[in-house]
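The values are calculated or read from the model by the stated rules, or taken from the named source; none is laboratory data. Treat the numbers as computed from the prediction; the structure is a model and nothing was measured. So basically every Cβ, Gly included, is an ideal-geometry build from the backbone, and we count neighbours across all protein chains shown. Each accessible area value is taken on the protein alone, full model and side chains, heavy atoms only, with ligands, DNA and RNA left out. Shrake-Rupley method; radii C 1.70, N 1.55, O 1.52, S 1.80 Å.
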Amino acid sequence: MKTLLMYDKLVPVNREQHRQLRVKASDKKLNFARETNSVLLAATELPLAALDFPCVFVASGDQHTLVSVVGLRDKENLLIDDHGAWDTHCYVPAFIRRYPFVLAEQPGSTQLTVCVDEAFDGLNATDGEALFDAEGKDTAYLQQLQKFLLDFHNDMQRTTAFAKRLVELELLVDRNIDFKLAEQHITLNGFKVVDEDKLHKLPPDTVQELFNNGALGWIHAHLLSLNNVNKLGARLIRKLTN
């Protein structure tokens, strides 16, 4: 499993260069995410995301993070229809909603800068939301966007710390998703889940710690989400038989 890099031409948002830039919804909707079967997820999204798809842990370098599994086959997102629309009854991860923008560190600096994918077809000079006003000041839209991106960035840092604590407690174990489709056997691997037996054996003070910082609720949401594998399987069967 891997999360597709959805950005083709990232550049920092520049007050002069992008003074006239406007952003409108793409005619292609969410087609940019059509070829990914997993999406990065913040732990704060678990209460909603866990209702719709499996949410599992993956190794990212020497750290771990969360992803939502949205497809059972490589390069296939089962939540996006033929018109590029996400299932209206399912949660849309913030990772998807932030596109075509992202916060990124500039080379040689730890300062975060709003960047935009110039390959996004919704960028233009006439229609949609403006980033800057006539005087070159940030519009309310850009200010709201900056807050959303910063909140997501901070939530992802909390997610990394959450996963790190689970690793320290030796709660994460390797697990596969197995699904049988007619005569075909589908297996997704490379991710980890919380071992319920190890969770139940934690000392009371550790359980209290996880409860106090909200991690226990995230853990239970993650475990409940694993039941959604069958939902993905049903989506795949409908797609192949329609």
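As a check on your grasp of the helix formula, calculate [θ] at 222 nm for the chain: sum -39500 (n - 2.57) over DSSP H runs of n ≥ 4, divide by the residue count, round to the nearest 500. Write down the numbers at each step before the final one.
Numbers: 7 runs with 75 residues, N = 242.
That calculation yields -9500 deg cm²/dmol at 222 nm.
Explain nothing, just the number: relative contact order of region 13-94, from Cα pairs under 8 Å at least 6 residues apart, as a whole percent.
35 percent
Need the list of lysines near Lys198 for cross-linking: C-alpha distance under 26 angstrom, and skip anything on the same chain fewer than eight residues off.
Partners found: Lys164.
Between Ala134 and Asn213, how high is the FRET efficiency from 1/(1 + (r/R0)^6) when r is the Cβ-Cβ distance and R₀ = 51 Å? Nearest 0.05. Write out the running numbers ahead of the final one.
Values: r = 46 Å, r/R0 = 0.91.
After rounding, the FRET efficiency stands at 0.65.
Grab the eigenvalues of the alpha-carbon gyration tensor for region 38-155, scale each by 5, take roots, and send me the semi-axes largest first in whole angstrom.
Values: eigenvalues 156, 79, 36 Å².
Values for region 38-155, descending: 28, 20, 14 Å.
Looking at the square roots a ≥ b ≥ c of the eigenvalues of the Cα gyration tensor of region 149-216, which shape do they give, rounded for a/c under 1.5, prolate if a/b is larger than b/c, or oblate?
Values: a/c = 3.19, a/b = 1.48, b/c = 2.16.
Judged from the Cα gyration tensor, region 149-216 comes out oblate (a/c at least 1.5, b/c at or above a/b).
What helices in the chain pass both tests, a Cα length along the helix axis of 30 Å or more and a mean Kyte hydropathy of -0.5 or higher, using whole DSSP H runs?
Counting only whole DSSP H runs, the qualifying helices are 140-168.
If you add up the charges near Thr206, with Lys and Arg at +1 and Asp and Glu at -1, over every other residue whose beta carbon is less than 12 angstrom from its beta carbon, what do you get?
That works out to -1.
Using 7 Å Cα-to-Cβ label points, what is the Gln63/Ile237 separation (nm, one decimal)?
Rounded to a tenth, the inter-label distance reads 3.9 nm.
Pulled fully out, how much extra length does the chain show between Asp151 and Asp74, if you take 0.36 nm times their separation in residues and subtract their Cα-Cα distance?
24.7 nm
What GluC sites (Glu not before Pro) in region 1-104 are in a loop by DSSP, with at most 14 other Cβ atoms within 10 Å of the Cβ?
Details: sites: Glu16, Glu35, Glu45, Glu76; in loops: Glu16, Glu35, Glu76.
Hits after loop and neighbour filter: Glu16, Glu35.
Would you tally the net charge around Leu10, using a Cβ to Cβ cut-off of less than 13 Å, leaving Leu10 out, and scoring K and R as +1, D and E as -1?
Computed value for this residue: -2.
Do you know the relative contact order of region 100-223, to the nearest whole percent, from alpha carbon pairs under 8 angstrom that are 6+ apart? Could the numbers behind the result be given before it?
Working: 89 pairs, mean separation 16.0, N = 124.
RCO, region 100-223: 13 percent.
Quote the relative contact order of region 21-171 in percent (integer), defining contacts as alpha-carbon pairs under 8 Å separated by 6+ residues.
32 percent
Specify whether the C-alpha gyration tensor of region 59-122 places it in the rounded, prolate or oblate class, a ≥ b ≥ c being the square roots of the eigenvalues: rounded for a/c under 1.5, otherwise prolate if a/b is larger than b/c and oblate if not.
Cα axes put region 59-122 in the oblate bin.
How many Å³ per residue does the convex hull of the Cα positions in region 117-242 occupy?
Once divided by residue count, the hull of region 117-242 is 193 Å³.
From the residues Thr159, Leu199, Leu240, which one has its Cα farthest along the dipole of the chain in the positive direction, the dipole being from +1 and -1 charges on Cβ of Lys/Arg and Asp/Glu about the Cα centre?
Leu240
Step through the table entries Lys28/Lys231; Lys24/Lys239; Lys75/Lys231; Lys24/Lys137, compare each Cα-Cα distance with 28 Å, and write down the pairs that go over it.
With Cα atoms farther than 28 Å apart: Lys24/Lys239.
Quickly rank 190-201, 152-163 as a protection proxy: mean count of other C-beta atoms within 10 Å, highest first.
152-163, 190-201
Once ligands and nucleic acids are excluded and a 1.4 Å probe is used, how much of Ser26 is accessible, expressed in Å² to the nearest 10?
Per-residue accessible area (Ser26): approximately 20 Å².
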